[in-house]
1. Suppose we keep only residues that are at pLDDT 90 or above and surrounded by 18 or more Cβ atoms within 10 Å (Cβ to Cβ) within the stretch 245-262. Which one would you say is farthest from residue 17 (Cα to Cα)?
2. Name the residue that is surrounded by the fewest Cβ atoms within 10 Å (Cβ to Cβ), counting only residues in the stretch 1-30 that are at pLDDT 90 or above and in a helix (DSSP H, G or I).
3. Quick one: would you say residue 195 is in contact (Cβ under 8 Å) with a residue 12 or more places away in the chain and in contact with a strand residue (DSSP E or B) (Cβ under 6 Å, 6 or more places away or on another chain)?
4. Which members of the stretch 170-187 meet the condition of being part of a loop (DSSP other than H, G, I, E, B), farther than 14 Å from residue 208 by Cβ and of a type outside the set (Gly, Ala, Ser)?
5. Hey, does the stretch 225-235 have a residue that's touching a Leu at 6+ places or on another chain (Cβ under 8 Å) and assigned to a loop (DSSP other than H, G, I, E, B)?
6. Of the conditions (1) closer than 20 Å to residue 125 by Cβ; (2) at pLDDT 95 or above, residue 42 satisfies every one except a single condition; which number is it?
7. Residue by residue through the stretch 53-102, note down the ones that are hydroxyl-bearing (Ser, Thr, Tyr) and either within 19 Å of residue 255 (Cα to Cα) or touching a Gly at 6+ places or on another chain (Cβ under 8 Å) (or both).
8. Take the residues of the stretch 56-82 that are within 19 Å of the chain's Cα centre (by Cα) and hydrophobic (A, V, I, L, M, F, W, C): which is surrounded by the most Cβ atoms within 10 Å (Cβ to Cβ)?
Amino acid sequence: MESTEKFAADAELRDRVLRDDEADFAALRDAALARRRAGARLRLVDTGKLSASELEWLGRAGADLFTSDLARTSPVEIIFLSLASRKGGAATSYFHHRSFDPGGREGAIDAGAVRDMAESGIYVALSDRAQPREPGTVLDLAASGRRGKCPLVYYHHRPLVPWLEDLGREGAWIHVVAPAKDEAADLPLLRRAAAAAAAAGQGLVLHVERPVDPFVVGDLFDAGAFGVFETPPTDFKSLSRPLEERAARRPPGRRAGYLYREFMR
């Protein structure tokens with residue numbers, strides 16, 4: 001465990017993300033206060049180590065809090081964390097990992113509780129990587145986030161589906177992997193989803209993880225999509241180079257992702 005002084009100094013120098021199990025409460029408190037004095041905010045990941053009252057104190061000190069259903073099982077407790085962080089000029093984000101069907105699990109958080117959190121001003125994030133998500137549930141969460149002025153962040157890993165356009169219309173941030181060269185048939189669907197999300201004030205984020213057709217990606221950029229290139233920079237003669245530069249000039253919004261807008265969780 002590093003000293004309080006080192007954490008405080010580190011927090012003043014750069015926008016670092018800390019986990020609550022990396023330091024004791026005093027060190028995290030000083031880091032949060034140091035960041036606030038510097039005109040920024042500490043970003044703190046809740047693993048469940050600290051008590052709710054300690055996290056509330058850090059929120060009031062100006063820390064952005066990032067929690068999940070793996071760390072907290074009480075929706076009311078998470079809402080109180082959000083109220084505390086808002087008093088400190090910060091915010092609380094929540095990632096829902098498990099199924100929305102409680103299935104008899106003690107302490108499970110259901111979809112209704114997550115909707116309440118979104119409407120109360122908590123930034124909610126959701127992924128279908130581990131399990132499929134019901135379209136109606138995702139759309140309801142996006143509508144709740146829009147009413148709470150905290151757009152839903154949705155990471156879509158499975159085959160593309162038409163309701164992504166509806167999700168964009170509800171004002172969600174949508175993350176997808178950019179189609180490969182042999183997947184151009186998905187272009188109309190992605191274009192509509194990108195245009196709908198852009199019109200609602202958010203966006204569709206294309207994660208470029210492999211070589212793509214630059215004309216397809218350029219068309220999606222024209223429709224309003226954002227790009228995050230996770231491939232090595234191409235040669236300056238490559239047709240993809242202008243797209244990489246275009247994406248760098250227009251990054252997604254600060255709240256486009258959970259913790260990092262670049263992550264495809």
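1. Among those residues, the one meeting the criterion is 247.
2. The initial filter retains those residues of the stretch 1-30 that are at pLDDT 90 or above, namely 18-30.
Filter once more, so that each one left must be in a helix (DSSP H, G or I): 25-30.
Values: 25: 16, 26: 12, 27: 21, 28: 27, 29: 20, 30: 21.
Taking the candidates together, the pick is 26.
3. Details: in contact (Cβ under 8 Å) with a residue 12 or more places away in the chain: yes; in contact with a strand residue (DSSP E or B) (Cβ under 6 Å, 6 or more places away or on another chain): no.
Answer is no for this residue.
4. To start, the set of residues in the stretch 170-187 that are part of a loop (DSSP other than H, G, I, E, B) comprises 170-172, 178-183.
If we keep only those that are farther than 14 Å from residue 208 by Cβ as well, we get 170-172, 182.
Selection gives 170, 182.
5. Among the residues of the stretch 225-235, at least one is touching a Leu at 6+ places or on another chain (Cβ under 8 Å) and assigned to a loop (DSSP other than H, G, I, E, B), which makes the answer yes.
6. With (1) closer than 20 Å to residue 125 by Cβ; (2) at pLDDT 95 or above applied to residue 42, the lone miss is (2).
7. Our first condition is that a residue be hydroxyl-bearing (Ser, Thr, Tyr); within the stretch 53-102, this holds for 53, 67-68, 73-74, 82, 85, 92-94, 99.
Within the stretch 53-102, 67, 68, 73, 74, 82, 85, 92, 93, 94 meet the criteria.
8. By that ranking, first place goes to 63.
The values are calculated or read from the model by the stated rules, or taken from the named source; none is laboratory data. Predicted, not measured: the structure shown is a model, and the values here were computed from it. Cβ sites come from the backbone with ideal geometry, for glycine too, and all protein chains shown count toward neighbours.
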